[in-house]
1. Restricting attention to the stretch 245-260, report how many residues are in contact (Cβ under 8 Å) with a residue 24 or more places away in the chain and either exposed (fewer than 14 other Cβ atoms within 10 Å of the Cβ) or among the charged types (D, E, K, R) (or both).
2. For residue 109, which of the numbered conditions (1) open to solvent by less than 50 Å² (accessible area, probe 1.4 Å); (2) under 22 Å from residue 227 (Cβ atoms) fails to hold?
3. If a residue has to be open to solvent by less than 30 Å² (accessible area, probe 1.4 Å), under 21 Å from residue 179 (Cα atoms) and in contact with a helix residue (DSSP H, G or I) (Cβ under 6 Å, 6 or more places away or on another chain) to count, how many in the stretch 67-85 make the cut?
4. Of the residues 131, 88, 127, which is more than 20 Å from residue 178 (Cα to Cα), in contact (Cβ under 8 Å) with a residue 40 or more places away in the chain and crowded, with 16+ Cβ neighbours inside 10 Å?
5. Taking only the stretch 174-220 into account, find how many residues are among the acidic types (Asp, Glu) and in contact with a Phe, Trp or Tyr (Cβ under 9 Å, 6 or more places away or on another chain).
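The values are calculated or read from the model by the stated rules, or taken from the named source; none is laboratory data. This is a predicted model, so every value here is computed, not measured. Here the Cβ is made from the backbone with ideal geometry for all residues, glycine too, and neighbour counts use every protein chain on show. With ligands, DNA and RNA removed, areas are computed over all heavy atoms of the protein, side chains included. Shrake-Rupley method; radii C 1.70, N 1.55, O 1.52, S 1.80 Å.
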Amino acid sequence: MTTAAVRPLTLCASVLALFGLLQSAAQAQTIALDVPYVPTPEPVVARMLEMADVGPDDYVVDLGSGDGRIAISAVKDRGAKAAYGIDLNPQRIEEAVANAEQAGVADKVVFEQGDLFKKDIADADVLTMYLLNTVNMRLRPVILDTLEPGTRVVSHAFSMEDWEPDRSDLVEGARIYLWVVPAKIQGNWTVELEGERFTVDLEQRFQEITGITQHQERLRGRLNGTEVRFEVDGQLYVGQVEGDRIEPIAAEGAVTGWRAQRS
């Protein structure tokens, strides 16, 4: 082959390579990020995981995982059994994977590039996020409808509006919110106590419950995951919600020997 023949082929290959690079760059620029990337300060990360009481039995899911610091810290510093992070930006995923390897937890932490709204998060024991109020509000029905009661949800800086947090804290000027996903308890219940029965119609607004008994007694209470506490006629009831049943939990000053069934 002559030199003259080689040059056009080489030039063609170079042009194709350049086109490929430009195309990749263009595709990267078309990623529409829901949330700008701002790393969570390490003291805030530590407090988020502490408030969620992350431990060896927990699978932690971090939405909008950035450089992976929350998921990595959940495993490395809190001993979580595994963690998963998802982020829309492939550059952040590359950083997170490298950081997990450097921290020695790559065998327990997985990062995925993708849309967090298309990810099934139902297996999470703890859900962490540093997003925006608008994104949190889009996630709220997913959290309430798909996560198991008792799942802890922690958000850095942004709330979920009228779903009041179970706890909040301020760390280095940053607000942290914690919610515990409440069991679904709304409906008509029959309470049995010492051979007697009464019915109560419960209304639920997130973790707050109200109701009225068949004898027109007012009820007000609160859920903490699957644990419910309420008072009727000055008596405290504490129970564990198990689907359509409530079984009593021993607690100081609480009624004993009762149970409830949803109609």
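1. 2
2. (2)
3. The number of residues fulfilling the criteria is 6.
4. Details: 131 fails: more than 20 Å from residue 178 (Cα to Cα); 127 fails: more than 20 Å from residue 178 (Cα to Cα).
Just a single option satisfies the conditions, and that option is 88.
5. Step one: list which residues in the stretch 174-220 are among the acidic types (Asp, Glu), which gives 192, 194, 196, 201, 203, 208, 217.
Now restrict to residues that are in contact with a Phe, Trp or Tyr (Cβ under 9 Å, 6 or more places away or on another chain): 192, 194, 201, 217.
Residues flagged as among the acidic types (Asp, Glu) and in contact with a Phe, Trp or Tyr (Cβ under 9 Å, 6 or more places away or on another chain) within the stretch 174-220 amount to 4.
Residues checked against (1) assigned to a loop (DSSP other than H, G, I, E, B); (2) closer than 30 Å to residue 46 by Cα; (3) open to solvent by 70 Å² or more (accessible area, probe 1.4 Å):
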site	(1), (2), (3)
176	no, yes, no
183	yes, yes, no
199	no, no, no
221	no, no, no
228	no, yes, no
237	no, no, no
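For every residue, the table says whether it meets (1) over 21 Å from residue 102 (Cα atoms); (2) at pLDDT below 95; (3) not hydroxyl-bearing (Ser, Thr, Tyr).
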| position | (1), (2), (3) |
| --- | --- |
| 27 | yes, yes, yes |
| 32 | yes, yes, yes |
| 36 | yes, yes, yes |
| 41 | no, no, yes |
| 50 | yes, no, yes |
| 55 | yes, no, yes |
| 60 | no, no, yes |
| 63 | yes, no, yes |
| 66 | no, no, yes |
